[in-house]
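The values are calculated or read from the model by the stated rules, or taken from the named source; none is laboratory data. A quick note: this is a predicted structure, and the numbers were derived from the prediction, not measured. So basically every Cβ, Gly included, is an ideal-geometry build from the backbone, and we count neighbours across all protein chains shown. Each accessible area value is taken on the protein alone, full model and side chains, heavy atoms only, with ligands, DNA and RNA left out. Shrake-Rupley method; radii C 1.70, N 1.55, O 1.52, S 1.80 Å.
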Amino acid sequence: MAANAAFLNTSGDDKAKFIVETSLKSANTCLLNRNYGRAFAHYLLVFKLDSSFKNKLKKDFTYVMREWTEELETQNRIEDLFKCYEQACDVFPECETALNNIGAQLFRLGYIDEGAMYIRKAIRLAPDYVAARQNLENICSYLVDRWHFRMLNDITRNTAYKQAILKSVSNGVQTILDIGAGTGLLSLYAVESGARSVYACEKSKTMHEVAKDVLAKNDPEKTIKLMCKNSTDLHIPEDMPERVDVVVTETFDAGLFGENILTTLIHAHKSLIKENGVKDCIIPGRATVYICAIEAESLRNKNRLVYPVLQNVDLDGVTIVCKTTLTDSNPYTTEDLSNIRGGYIELSSPLQLLSINFNDFSEIERLNNGLDFTACLPVVKTGRLDAIVLWFDLHLDDDMTITTRPDTTNCWEQAVYPVLPQHINIKGSNSQHLDVQQGEEINIGCQLKDNHLKIICSEIKSTLKDSKILADNCQKLDTKFKRTASENNCTTLQLEHHEIANLNDITSNRVFFHAIERLRLAKNRKNLSLLDCSQGLSPLGLQAALLGYTEVCVACDEDKMEDIKHLSEINRVKVSVIDRKCIVANDDRYNVIISDLVESCGVLKQQILEEMALLRVTSLSDHGVILPNKLKIYGICVESCDLLRVSRVIGTEQTSGYHIAEFINDFQSSTHVDVDLHTLQHKKLTESFLMFDFSLNPDSSTNEPTSFLEQSAILDVNILESGSITALVYWFELVVLDDLKICTLDYTSHWKQACMMIKEEVELIEGGMIKLEVNLENSCLELKSLQINQNS
């Protein structure tokens with residue numbers, strides 16, 4: 001009571017000071033207790049009463065805001081989330097970190113345009129803010145798919161469509177609708193061919209804006225009517241004054257049907273195309289679908305686990321497979337088979353699976369109603385069955401065909417249906433290798449439903465002559481399989497491709513295993529603790545427990561927690577499991593912390609270095625060790641037409657003289673991932689060079705703050721061969737412990753590489769020197785500048 005009375009008798013300034021001090025204490029307490037909502041509210045009150053605290057508490061407030069908004073997102077409290085954004089922007093209207101975090105979160109929630117707006121604000125405030133620029137590039141990649149560049153650079157494809165449209169118009173066609181217009185190139189072909197009226201629809205707001213610019217430049221007479229709509233939302237005469245003679249489209253994915261082509265064409269036949277009009281009213285008029293059984297080690301390694309034991313961890317009775325083909329909505333992945341590491345072997349001859357006439361309305365309607373059928377692939381070459389692959393021919397007319405075959409140069413990838421053991425009706429199907437012999441037959445089950453073609457390898461028929469021996473062997477294998485499954489409580493775990501590829505990277509797993517084993521032997525202590533915060537289904541925590549670590553904690557995503565617990569039960573070890581989001585909040589400290597720093601696609605994991613710096617302070621015990629111990633980043637400058645084709649439209653020749661590059665290239669990326677230097681067609685212009693080399697472990701002799709979070713380097717690199725530099729490709733060496741190292745460039749590793757693109761061509765002359773300035777900030781690499789000294 002006395003305290004309250006004293007408070008009431010104080011002046012206004014003293015009251016405000018008292019409230020500020022109390023709120024600061026409360027904010028700190030809430031922060032320690034991970035009550036981010038209350039901490040956020042206390043900080044807002046402090047800033048309102050005394051704005052001088054803004055600069056002092058900016059980092060703390062940004063951290064609390066990020067944690068609180070993520071909590072609100074998890075709870076689906078979207079209205080409170082937006083209110084939080086509004087309050088944060090009122091307090092810090094010029095805080096680039098807050099704006100970037102808001103933008104990234106809005107993007108995750110599906111508010112794409114709003115997210116881009118906040119991130120652009122952050123970049124305007126801090127043009128060198130690498131994380132914000134990378135977030136904006138991610139949004140641009142989402143808004144404008146990378147395949148647009150490959151498609152527009154495909155001269156064969158563009159020329160074929162141009163000739164087919166010209167032939168159609170020369171045969172009397174007057175009106176054309178371009179469905180899924182993209183940049184409007186096919187519409188321009190229609191105008192050039194002499195069509196009286198040309199209409200185009202594009203549902204993507206971003207691509208619609210690009211097409212508007214393209215048409216304004218190339219069609220100044222405005223003869224093309226462009227609409228920002230899905231074709232199935234078009235109505236006559238509200239959107240178009242008339243039905244059209246011909247629809248031209250290329251709304252096909254790698255599996256042909258995945259972009260709703262059947263429903264699109266059914267609506268077009270019913271509502272948009274002239275009744276009793278021209279016979280060939282669709283371009284392309286027909287499609288032929290082919291499938292083939294293949295062996296490909298790189299596909300096998302990311303679709304199913306091929307090792308029953310991972311450095312002492314028993315996986316017998318556990319089947320680990322990719323999620324693909326297990327759902328109707330995502331039955332296949334896509335690959336550029338002509339460029340996969342290790343190549344592929346055709347185990348069967350290509351089989352024509354389907355032939356579709358897009359001009360036949362009744363046939364399209366029949367396919368759209370659903371189709372179930374089987375097919376048989378005779379094995380012509382002995383090998384390991386890894387996948388069924390699909391490609392197709394598009395017959396634009398009777399004379400003009402383009403193909404997505406993997407052995408031809410084109411802009412397409414192929415659809416890949418992984419073959420999984422549990423789908424196959426064969427005795428002893430616990431074999432992870434699925435060997436097939438020449439002369440056997442592979443039975444395929446096919447289902448066309450909801451604009452997706454699902455293909456499952458259902459049976460392998462043997463043609464061995466002695467059926468009795470075969471039956472006896474099969475019975476023995478089947479009995480063994482059933483017994484093993486029963487004894488181990490057989491479970492199927494569904495993982496992402498990169499997670500399975502990581503588990504199958506036996507070299508990487510062995511190096512980490514030997515590192516934790518060496519530390520266990522060197523420490524020779526009874527109580528040794530380890531925190532494994534690797535992403536995905538990591539076996540390292542289980543391996544540590546088997547080696548004798550007395551306390552092991554695995555921090556993983558929520559959907560992996562039960563999987564880790566199940567594997568620990570199978571291996572009879574004690575492992576605690578926590579949600580990754582709670583790592584920093586965990587009060588325990590560990591002698592060893594393990595993390596995977598590099599994404600399978602070749603870049604550092606988002607904010608991973610910041611996470612490591614934080615874990616050093618919050619979770620690492622005195623004299624503890626972080627694995628990997630050190631990180632080295634290497635690079636090389638290359639010339640590559642392949643990289644150019646996927647990053648930007650190269651010029652006007654590819655697009656038949658039309659000016660499209662200057663508009664679509666606004667969306668080119670400065671960083672490309674999933675680059676495979678082993679299969680990439682390129683010329684090495686420089687030697688490989690070391691960009692960064694730093695330790696993740698603290699120097700016990702000093703109390704200096706973490707130094708690796710923001711780094712820059714200026715490098716002088718010798719030019720080995722003349723050429724035009726396209727990109728700086730980079731990779732990592734993980735020095736796990738002493739001489740135990742992993743290089744993400746190794747041919748057998750599951751990692752690919754990434755590259756920083758050079759936006760304007762620069763000619764290098766052999767014997768000269770190139771000066772590069774590179775930055776590492778927010779766990780992002782950036783090529784800051786490039787200078788050439790040809791006389792060095």
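Quick look at the numbers
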quantity: Top-ranked residue of the stretch 647-681 - restricted to ones that are at pLDDT below 95 and of a type in the set (Phe, Trp, Tyr), ranked as farthest from the chain's Cα centre (by Cα); calculated: Phe663
quantity: Qualifying residue in the stretch 429-452 (condition: without any contact (Cβ under 8 Å) to a residue 60 or more places away in the chain and of a type in the set (Lys, Arg)); calculated: no
quantity: Filter result for the condition that a residue is buried (at least 17 other Cβ atoms within 10 Å of the Cβ) and closer than 25 Å to Asp219 by Cα, over Thr655, Thr686, Thr679, Thr671; calculated: Thr655
quantity: Exclusive hit being assigned to a helix (DSSP H, G or I), closer than 28 Å to Phe392 by Cα and either without any contact (Cβ under 8 Å) to a residue 40 or more places away in the chain or not charged (D, E, K, R) (or both), set Tyr199, Tyr189; calculated: Tyr189
quantity: Qualifying positions in the stretch 741-792 - closer than 15 Å to Val603 by Cα, part of a loop (DSSP other than H, G, I, E, B), open to solvent by 20 Å² or more (accessible area, probe 1.4 Å) and modelled with pLDDT under 95; calculated: Asn778
quantity: Scan of the stretch 543-581 for residues that are in a loop (DSSP other than H, G, I, E, B), among the β-branched types (Val, Ile, Thr) and within 19 Å of Val318 (Cα to Cα), ordered by number; calculated: Val573, Val575
quantity: Whichever residue in the stretch 118-130 is touching a helix residue (DSSP H, G or I) at 6+ places or on another chain (Cβ under 8 Å), modelled with pLDDT of 80 or more and not hydroxyl-bearing (Ser, Thr, Tyr) and, among such residues, is surrounded by the most Cβ atoms within 10 Å (Cβ to Cβ); calculated: Ile119
quantity: So Ala181, is it within 19 Å of Met151 (Cβ to Cβ) and part of a loop (DSSP other than H, G, I, E, B); calculated: yes
quantity: Condition broken by Glu346, with the remaining ones in (1) touching a residue at least 40 places away in the same chain (Cβ under 8 Å); (2) crowded, with 16+ Cβ neighbours inside 10 Å; (3) of a type outside the set (A, V, I, L, M); (4) more than 21 Å from Arg304 (Cα to Cα) satisfied; calculated: (4)
quantity: In the stretch 557-585, the residues that are within 24 Å of Ile608 (Cα to Cα), touching a strand residue (DSSP E or B) at 6+ places or on another chain (Cβ under 7 Å) and buried (at least 16 other Cβ atoms within 10 Å of the Cβ); calculated: Met561, Asp563, Ile564, Val575, Ser576, Val577, Ile578, Arg580, Ile583
quantity: Residue list for the stretch 19-42, restricted to those being under 37 Å from the mean Cα position of the chain (by Cα) and either under 16 Å from Cys95 (Cα atoms) or in contact (Cβ under 8 Å) with a residue 24 or more places away in the chain (or both); calculated: Leu31, Arg34, Tyr36, Gly37, Ala39, Phe40
quantity: In the stretch 99-109, residue modelled with the lowest pLDDT [restricted to those that are of a type in the set (A, V, I, L, M, F, W, C) and surrounded by fewer than 22 Cβ atoms within 10 Å (Cβ to Cβ)]; calculated: Leu109
quantity: Answer residue from the stretch 148-206, given it is surrounded by 24 or more Cβ atoms within 10 Å (Cβ to Cβ) and charged (D, E, K, R) and is nearest to Thr223 (Cα to Cα) among those; calculated: Asp178
quantity: Counted residues, the stretch 491-542 - those being small (Gly, Ala, Ser), open to solvent by less than 50 Å² (accessible area, probe 1.4 Å) and assigned to a helix (DSSP H, G or I); calculated: 4
quantity: Contacts under 9 angstrom Cβ, first residue in the stretch 349-364 being free of Cβ contacts under 8 Å to residues at least 12 places away in the same chain, partner surrounded by 19 or more Cβ atoms within 10 Å (Cβ to Cβ), 6 or more apart; calculated: Glu363/Ile356
quantity: Wholly within the stretch 1-98, helices (runs of 4 or more DSSP H) carrying at least 3 residues that are at pLDDT 85 or above and open to solvent by less than 80 Å² (accessible area, probe 1.4 Å); calculated: 12-32, 36-49, 53-74, 78-91
quantity: Subset of the stretch 223-280 (residues that are crowded, with 21+ Cβ neighbours inside 10 Å and part of a loop (DSSP other than H, G, I, E, B)); calculated: Asp245, Glu250, Ala254, Gly255, Leu256, Phe257, Asp280
quantity: Within the stretch 289-337, considering residues that are open to solvent by less than 10 Å² (accessible area, probe 1.4 Å) and among the β-branched types (Val, Ile, Thr), the one nearest to Asp245 (Cα to Cα); calculated: Val289
quantity: Leading residue by the ranking (most open to solvent (accessible area, probe 1.4 Å)) among those in the stretch 360-396 that are part of a loop (DSSP other than H, G, I, E, B) and within 16 Å of Asn260 (Cα to Cα); calculated: Asn369
quantity: Test result for Val554, of a type in the set (A, V, I, L, M), open to solvent by less than 40 Å² (accessible area, probe 1.4 Å) and either without any contact (Cβ under 8 Å) to a residue 24 or more places away in the chain or in contact with an Asp or Glu (Cβ under 6 Å, 6 or more places away or on another chain) (or both); calculated: yes
quantity: Within the stretch 604-624, considering residues that are open to solvent by less than 30 Å² (accessible area, probe 1.4 Å) and over 14 Å from Cys533 (Cβ atoms), the one modelled with the highest pLDDT; calculated: Leu604
quantity: Leu772 being more than 27 Å from the chain's Cα centre (by Cα) and closer than 16 Å to Tyr634 by Cα; calculated: yes
quantity: Complete set of residues in the stretch 632-652 that are touching a Ser or Thr at 6+ places or on another chain (Cβ under 8 Å) and open to solvent by less than 40 Å² (accessible area, probe 1.4 Å); calculated: Gly635, Ile636, Cys637, Val638, Ser640, Leu643, Leu644, Ser647, Val649
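Each row is one residue, and each column tells you yes or no for (1) under 27 Å from the mean Cα position of the chain (by Cα); (2) over 27 Å from Glu662 (Cα atoms); (3) of a type in the set (S, T, N, Q).
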| residue | (1), (2), (3) |
| --- | --- |
| Glu94 | no, yes, no |
| Ala98 | yes, yes, no |
| Gly115 | yes, no, no |
| Lys121 | yes, no, no |
| Ala132 | yes, no, no |
| Asp145 | yes, no, no |
| Phe149 | yes, no, no |
| Lys162 | no, no, no |
